[in-house]
Amino acid sequence: PGTRRGLAMSVDCTPRYCAADPRVGGAQAVAESWRNLTAVGARPLAITDNMNFGSPERPEIMGQFVDCIEGIREACLSLDYPVVSGNVSFYNETNGQAVLPTPAIGGVGLVEDVGRMAAIAFRRPGDSLLLVGDSADPAGGHLGCSLYLREILGREEGPPPRVDLAAERRNGDFVRGLIEAGRVNACHDVSDGGLLVAVAEMAMAGGLGATVELPAACAEAPHAWLFGEDQGRYILAVQAGLRGEILDAAAAVGVPVRCIGTVGGAALTVVAGSTICGAAAVAELKRMHEAWFPAFMDA
């Protein structure tokens, strides 16, 4: 009572990343937790870890455990995001088959003014969509270990996306500053599924569509740009009149930001120039998104 402060909390881990590269996976779990708190405008304070692994008597499992801890340590030091508690659960196996290494990270952050806290839902037609952060992959997006690779192509291969902790901090601090200044109408970090999934989640949450514009360099092979899971990235919805000011401010501090589209309409549409590459009604996306679990339970 008597304060406008609030607490933000998140729980994150991507076990498939940890299985492919435990050190990177451990760092990524911390970075995504930090990013989720930042995306609502919170200042990340600390984490607790919940380490879930198979039998430590097997050298490969103990190796996963040690490497995940190293990744967590590196990320916590770089992001000034200390571990204040945690627990370890070993011997998570069935018939000798271990669970994927799962260092779940619970984070807590402080929101100074809940009245300016950001949410993922699109709220205003005409807002500009900005992508904060970029990809170092020459294809325009990193597809190794991605959901696109697994669910669409049926392949589980490649390394997880690189975690650039300096870029995580730089990009996140910039986004948080915009939110605190009241410049952001909606914000979502890019994680599982990549950029297009993040935009779809924002559209479904707000019941508003959006048009996403493919960069010319990615028009021939757009899947990597749309579904790559490169780290350290955010989608912002901002007033169109603030777009130039934000782009200038980002350039001044070395944060990559580009305009990728506009909020509005009843469909999520991807275009390349004047060509519509694909479109889906937001209402239908939401129906499908919410129907899978009841259908699974009834099967």
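Computed from the coordinates by the stated procedures, all read-outs in this text should not be read as laboratory data. Computed from a predicted model, the values in this text were never measured in an experiment. Reconstructed Cβ throughout: ideal geometry from the backbone, glycine too, with neighbour counts over all protein chains shown.
Quick notes on this structure:
- Test: L149 is of a type in the set (A, V, I, L, M), within 24 Å of P222 (Cα to Cα) and crowded, with 23+ Cβ neighbours inside 10 Å: no
- Any hit, the range 189-196, residues being in a strand (DSSP E or B) and touching a residue at least 12 places away in the same chain (Cβ under 8 Å): yes
- Residue count for the range 187-237, restricted to those that are touching a Cys at 6+ places or on another chain (Cβ under 7 Å) and polar (S, T, N, Q): 0
- Residue ID - farthest from C187 (Cα to Cα), chosen from residues in the range 248-296 that are of a type in the set (K, R) and in contact (Cβ under 8 Å) with a residue 60 or more places away in the chain: K286
- G232 meets the conditions (1) farther than 20 Å from D12 by Cα; (2) touching a residue at least 40 places away in the same chain (Cβ under 8 Å) in every case but one. The failed one is (1).
- Filter result for L129 (touching a strand residue (DSSP E or B) at 6+ places or on another chain (Cβ under 6 Å) and either within 25 Å of G244 (Cα to Cα) or acidic (D, E) (or both)): yes
- Scanning the range 77-98 for residues that are surrounded by 15 or more Cβ atoms within 10 Å (Cβ to Cβ) and either of a type in the set (V, I, T) or touching a strand residue (DSSP E or B) at 6+ places or on another chain (Cβ under 6 Å) (or both) turns up Y81, V83, G86, N92.
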